[in-house]
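The block underneath contains the structure these notes are about, expressed in structure tokens.
The values are calculated or read from the model by the stated rules, or taken from the named source; none is laboratory data. Just so it is clear, the structure is predicted and the values come from calculations on it, not from any experiment. Virtual Cβ from ideal backbone geometry, glycine too; neighbours counted across all protein chains shown. Surface areas here come from the heavy atoms of the whole protein model, side chains and all, with no ligands, DNA or RNA. Shrake-Rupley method; radii C 1.70, N 1.55, O 1.52, S 1.80 Å.
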Amino acid sequence: MGLQDKLKAGKFVILAEIEPPKGADVAAMVANAAGVKEKVDAFVVPEMNTAVMRLSSLGGCLLLQNRGLETVLQVCTRDRNRLALQGDLLAAAALGVPNVMAVAGEDITHGDHHRARAVNDLDLLELLGAIKTLESGRDLAGIELRGAPRFLAGSTVNVGTSALELELAELDKKIAAGAKFFITPPVFDLGVLERFNKRLNGRSAYIIPTVLLLKSVGMARYIDRHLDQVSIPQDIIMRIQNAPERVRECVQIAADMVAALKAKGFSGVNISTIGWEDKLPGILNAAGI
């Protein structure tokens, strides 16, 4: 049973982000994914996360798919024009990648190639529309395809925004454009999710919160102070600060959030370890997965 069928069946799905390497040595990436193969329903392969140059999402997905691991391809409006985006989507479909996630990508200035130029030929809604058009059997120029792709398409939703009405309006546009699942920014407060869920009003959308593995007190404080869409309760920061083994406590905090989201009946969870993928087994085991 694939990710789409599991979501339809109401199963609590486990997604895990697996960062591609900055280089051609993929041994660690493959080993980390294989180590949790039995517990993770699909691996999200980020596309140049934080605008840092790495092996592409498409390349990472194919490496894992060829080893029997289901993946979620990220397609990013920042880096490619409509020709390249459509070509990547067709390649992914032809090579067995079943799921795609449309993202805008962080600003180039956040990354390590400051002379790069953002493309943004399509915006996020147009990219979702392009996926839908390809699935109809034609490309964006209206030319018939020899074989149409089939994807479970998703995107992002900001559950922590203060402009909730605008976010819900954008969510409606993404749903109309064909998106079925939506991954949130990191969430540390269940109350934020519950307030958002009350406003969904029966919308046909699978909301999948992101659980971010914190690495230190400093990281937690920085995120809480500087990321507008993410708030970290002070009791979590104090848990890390007072713990005799802080890394273990960070793993336990992530595990506690995974378990709580499952208990609350959410569609699933996306676990982001940003380079600490070797901690995935510990998070899943502590969460009772």
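When the stretch 258-289 is examined, which residues are found to be under 18 Å from the mean Cα position of the chain (by Cα), of a type in the set (Val, Ile, Thr) and assigned to a loop (DSSP other than H, G, I, E, B)? Within the stretch 258-289, 273, 274 meet the criteria.
Report the residue count in the stretch 28-66 for those that are farther than 24 Å from residue 87 by Cβ, in a loop (DSSP other than H, G, I, E, B) and either touching a strand residue (DSSP E or B) at 6+ places or on another chain (Cβ under 6 Å) or open to solvent by 40 Å² or more (accessible area, probe 1.4 Å) (or both).
Number satisfying all stated conditions: 6.
Checking the structure you have, find out if any residue of the stretch 132-141 is basic (Lys, Arg), assigned to a helix (DSSP H, G or I), open to solvent by 20 Å² or more (accessible area, probe 1.4 Å) and farther than 26 Å from residue 219 by Cα. The answer is yes, given that some residue of the stretch 132-141 is basic (Lys, Arg), assigned to a helix (DSSP H, G or I), open to solvent by 20 Å² or more (accessible area, probe 1.4 Å) and farther than 26 Å from residue 219 by Cα. Restricting the stretch 254-278 to residues that are open to solvent by 20 Å² or more (accessible area, probe 1.4 Å) and of a type in the set (D, E, K, R), the residue that is farthest from residue 32 (Cα to Cα) is 264.
Of the residues making up the stretch 230-258, those that are modelled with pLDDT of 95 or more and touching a Pro at 6+ places or on another chain (Cβ under 7 Å) number 0.
For residue 118, which of the numbered conditions (1) in contact with a strand residue (DSSP E or B) (Cβ under 9 Å, 6 or more places away or on another chain); (2) in contact (Cβ under 8 Å) with a residue 12 or more places away in the chain fails to hold? It fails just one condition, (1). All conditions in (1) buried (at least 22 other Cβ atoms within 10 Å of the Cβ); (2) closer than 23 Å to residue 184 by Cβ hold for residue 92, with the sole exception of (2). Of all residues in the stretch 15-40, those satisfying the criterion of being out of contact with any helix residue (DSSP H, G or I) (no Cβ under 7 Å at 6 or more places or on another chain) and either acidic (Asp, Glu) or closer than 19 Å to residue 267 by Cα (or both) are 15, 17, 25, 38, 40. Residue 50 - would you say it is under 23 Å from residue 212 (Cα atoms) and in contact with a Cys (Cβ under 9 Å, 6 or more places away or on another chain)? Judged against the criteria, residue 50 is not a match.
Could you tell me how many of the residues in the stretch 189-210 are modelled with pLDDT of 95 or more and more than 20 Å from residue 104 (Cα to Cα)? Let's see the steps before the verdict.
Step one: of the stretch 189-210, the residues modelled with pLDDT of 95 or more are 206-210.
Among the residues that remain, those that are also more than 20 Å from residue 104 (Cα to Cα) are: none.
Residues that pass the stated criteria total 0.
When the stretch 160-186 is filtered for residues that are surrounded by 13 or more Cβ atoms within 10 Å (Cβ to Cβ), touching a Lys or Arg at 6+ places or on another chain (Cβ under 8 Å) and not in a strand (DSSP E or B), the ones remaining, listed by number, are 164, 168, 171, 175, 177, 178.
Is it the case that residue 201 is more than 17 Å from the chain's Cα centre (by Cα) and exposed (fewer than 13 other Cβ atoms within 10 Å of the Cβ)? So residue 201 passes the test. Selection of the stretch 86-120 for residues being more than 18 Å from the chain's Cα centre (by Cα), aliphatic (A, V, I, L, M) and more than 17 Å from residue 51 (Cα to Cα) yields 90, 91, 93, 94, 95. Checking each residue of the stretch 268-289 against the condition of being at pLDDT 95 or above and among the hydroxyl-bearing types (Ser, Thr, Tyr) gives at least one match. The single condition among (1) within 13 Å of residue 104 (Cβ to Cβ); (2) open to solvent by less than 40 Å² (accessible area, probe 1.4 Å); (3) over 16 Å from the mean Cα position of the chain (by Cα) that residue 80 does not satisfy is (2). For residue 239, which of the numbered conditions (1) surrounded by fewer than 19 Cβ atoms within 10 Å (Cβ to Cβ); (2) of a type in the set (D, E, K, R); (3) farther than 27 Å from residue 181 by Cα fails to hold? For residue 239, the failing item is (1).
Quick one: in the stretch 231-248, which of the residues that are of a type in the set (S, T, N, Q) and part of a helix (DSSP H, G or I) is farthest from residue 184 (Cα to Cα)?
Among those residues, the one meeting the criterion is 242.
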